[in-house]
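*Asks:* This is the structure I have questions about; it appears just below.
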Amino acid sequence: MLSPNSFAAPLNGKCSSESDTKKVMNVGGGADEISLSGQRVAEVLAAAVHVVVVGDVVLDEWISGGCDRLCREGPAPVLDVTSRTVAAGAAANTAANLAALGAGTSIVTAVGADGAGERLLAVLGQHGVDCRHVLRLPTATTPTKSRVLSDGRLLVRIDEGAPQRAVPEVELLERLRAAVTGQRCDAVLVCDYGLSVVSPALRAEIARLRPRIGLLAVDAHDLRPWSSACPDVVLPNAAEAAALLGVRAAQEDSGRAAQFDQRRRELLDVTGATTAVVTLDRDGAIVLSGDEPIHQTWARPAPNEHAAGAGDTFAAASTIAAAAGLSWPAAAEIGQLAADVVTHRPGTAVCTQAELLQRLSGQDERVVGIDELVETVAQHRRLGHRIVFTNGCFDVLHRGHVAYLNEAKSIGDVLIVAVNDDASVRALKGADRPVNPVADRAAVLAAISCIDYVTVFGGDTPADVIRALQPDIYVKGGDYRPEMLSETAIVRSYGGQVRMLSYVPDRSTSTLIKRIRSQREPAVAARNVGTDPAGYGTG
């Protein structure tokens with residue numbers, strides 16, 4: 001299911017066009033956009049984009065209770081039911097999440113004219129989804145998935161309702177055209193699970209309507225047939241992406257990410273997409289766009305029982321963000337935040353605007369003092385987690401930082417970033433630095449999903465922090481060598497490793513600040529003849 005700066009790489013074959021090139025150029029975004037503020041996310045949600053969801057729907061039922069005995073008829077548990085709830089599933093869950101996040105939402109689908117179909121439409125109506133374009137089929141049954149849980153643990157799932165094999169194509173295409181052309185359409189999000197709503201004729205109609213669709217995102221079990229529609233983004237999970245490439249998905253997160261990164265061109269070619277966002281379950285998601293570095297989000301661990309529908313939430317939130325103009329790396333970060341909300345609740349859940357903003361504000365919990373961090377690291381060690389540590393000024397975050405931090409996270413379980421306080425930055429970089437105060441720098445770092453904890457230190461080196469935490473791996477960028485670092489001896493003294501990671505050339509904070517100043521200087525000088533331009537650095 002459900003990647004950094006602007007690029008002008010050629011598009012894949014038949015999908016190339018001037019309008020497509022503009023879309024590709026808009027995929028880019030600075031690293032500052034990937035590290036999202038609550039205000040920026042609030043602006044994205046306030047944009048109130050309109051999304052049309054097309055695809056297969058399911059009614060999810062959750063039957064919960066307690067189980068403390070076996071029945072006399074056989075060795076089967078007896079469940080004393082305490083509650084029954086229903087929720088929108090599949091494409092209907094995606095639509096419910098879109099509406100809960102503030103998007104205008106319409107859905108094009110088909111349901112049976114049965115009790116399950118009526119309950120599903122009622123749930124969608126409660127969420128504010130426009131169901132005027134839903135077909136009701138008298139001879140069909142609405143697919144239902146009933147999950148039976150004992151004390152929160154899944155016992156069995158019961159699937160009912162055969163796929164509607166005779167969806168009236170002509171009428172469904174009329175509903176699709178009305179949904180796309182009869183109102184504002186910032187995005188179409190396709191949820192094609194092979195249950196029968198999506199046909200070759202419907203795919204062809206979406207391709208014909210492409211000029212009227214601001215953003216086309218496709219989440220499908222089989223993405224090959226969608227290549228002719230030239231999606232802006234496809235959202236396979238790891239198993240689906242591996243099947244498209246004809247390979248078996250690697251078992252380790254870092255292995256899977258590398259596997260798909262190495263074959264990204266093939267993945268984009270076979271799907272006809274500009275961007276592919278591949279979800280890796282509990283390991284987050286990776287974003288692949290053109291020749292740009294891979295971008296990875298990182299999920300908060302959650303029980304498997306709470307994972308139902310999380311992919312739908314991810315797709316909904318990231319589509320809203322991309323339709324509102326954010327880059328796909330930034331959109332994926334928003335999608336991950338929303339998915340983290342629902343995976344920490346039972347059942348098929350939706351993420352609201354308020355919950356997403358609250359989750360984002362919770363990133364401040366990642367900024368911790370040394371004493372608290374020592375105890376936190378001890379807890380992680382008791383769980384067998386590998387601790388990775390790095391440090392720096394991180395004054396103006398850029399693409400090189402993001403690539404480096406994601407690589408650091410991939411070699412361990414917990415990533416800690418120590419950031420220089422303002423006094424130490426001035427001592428290292430000069431009187432006009434830092435551009436951003438330490439509170440802002442720490443908050444920006446804490447909002448990047450690959451970072452688990454941020455702490456602040458003073459002095460030229462983080463030697464005291466390293467002695468206190470004793471990380472398993474100390475990493476620095478590839479422009480360093482171990483023998484250049486005074487910290488190397490400390491790390492090796494307790495048996496730790498020192499690693500130099502990849503270096504992104506022509507990406508440094510000092511170079512970026514010089515370029516900004518050089519671009520601003522002539523304009524400011526023209527407006528302020530005779531004034532001292534020394535204050536440019538803090539602008």
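Coordinate-derived values only; no laboratory data. Being a predicted model, the structure only gives us computed values, none of them experimental. Here the Cβ positions follow ideal geometry from the backbone for every residue, glycine too, while neighbour counts run over all protein chains shown.
*Asks:* For residue 433, what is the net charge nearby, where nearby means another residue's Cβ is under 10 Å from its Cβ and Lys, Arg count +1, Asp, Glu -1?
*Replies:* Details: positive: 426, 429; negative: 395, 422, 432.
My count for the surroundings of residue 433 gives -1.
*Asks:* Taking the Cα centre of the stretch 59-175 as origin and charging only Cβ (+1 Lys, Arg; -1 Asp, Glu), how large is the dipole, in debye to the nearest 20? Show your work: numbers first, answer last.
*Replies:* Details: 12 positive and 14 negative charges, 31 e Å.
Dipole magnitude for the stretch 59-175 comes out near 140 debye.
*Asks:* Within 9 Å, Cβ to Cβ, of residue 116, how many net charges do the neighbouring residues add up to if Lys/Arg are +1 and Asp/Glu are -1?
*Replies:* Values: positive: 119; negative: 61, 114, 118, 160.
Charge balance near residue 116 sits at -3.
*Asks:* Rank-order 453-465, 421-433 by packing density, defined as the average count of other C-beta atoms within 10 Å over each peptide's residues, highest first. Intermediate values should be presented prior to the final figure.
*Replies:* Values: 453-465: 18.1, 421-433: 15.5.
Descending packing order for the listed peptides: 453-465, 421-433.
*Asks:* Okay, moving on. Rank by packing, highest mean first: peptides 312-320, 272-280, with packing defined as the count of other Cβ atoms within 10 Å averaged across residues.
*Replies:* Working: 312-320: 31.8, 272-280: 27.1.
In decreasing order of mean packing, 312-320, 272-280 become 312-320, 272-280.
*Asks:* Something else: Count the DSSP beta bridges whose two residues both fall in the stretch 150-252, then state the antiparallel fraction as a percent rounded to the nearest 5. Mind showing how you got there, number by number?
*Replies:* Details: 1 of 8 bridges.
Percent antiparallel among DSSP bridges in the stretch 150-252 is about 10.
*Asks:* Between residue 481 and residue 370, take the C-beta separation as r, use R0 = 30 Å, and let me know the FRET efficiency to the nearest 0.05. Don't skip to the end; give the middle numbers.
*Replies:* Details: r = 27 Å, r/R0 = 0.91.
Efficiency for this residue pair is about 0.65.
*Asks:* Now for a separate question. Apply the a/c threshold of 1.5 to the C-alpha gyration tensor of the stretch 115-159 and tell me whether it is rounded, prolate or oblate. Please report the intermediate quantities before stating the final value.
*Replies:* On the way: a/c = 4.23, a/b = 1.74, b/c = 2.43.
Oblate shape, in that a/c is at least 1.5 and b/c is the bigger or equal ratio.
*Asks:* In the neighborhood of residue 54, defined by Cβ-to-Cβ distances under 11 Å, what is the net charge if each Lys or Arg adds +1 and each Asp or Glu adds -1? Could you put the intermediate results ahead of the total?
*Replies:* Working: positive: 175, 203; negative: 56, 192, 205, 219.
Result for the local shell: -2.
*Asks:* A follow-up question, please. Compare the peptides 230-236, 64-70 by average per-residue count of other Cβ atoms within 10 angstrom and give them in order, highest first. Working shown, then result.
*Replies:* On the way: 230-236: 27.9, 64-70: 13.3.
Output ranking for 230-236, 64-70: 230-236, 64-70.
*Asks:* Let me ask you something else. Treating only the Cβ of Lys, Arg, Asp and Glu as charged (+1, +1, -1, -1), what charge dipole size does the stretch 186-225 show about its Cα centre? Round to the nearest 20 debye. Display every interim value, and only then the final one.
*Replies:* Numbers: 5 positive and 5 negative charges, 43 e Å.
Roughly 200 debye, rounded to the nearest 20.
*Asks:* A further question on this structure: What are the ³J(HN,Hα) values, in whole Hz, obtained from phi via the Karplus relation 6.51 cos²θ - 1.76 cosθ + 1.60 with θ = phi - 60°, for each residue of the stretch 207-217 in sequence order, with x given for Gly and Pro?
*Replies:* The phi angles translate into 5, 5, 7, 3, x, 8, 9, x, 9, 10, 10 Hz.
*Asks:* Straight-line reach from residue 409: which aspartates and glutamates have a Cα under 15 Å away, not including same-chain ones fewer than 8 places off?
*Replies:* 252, 253, 283, 452, 472
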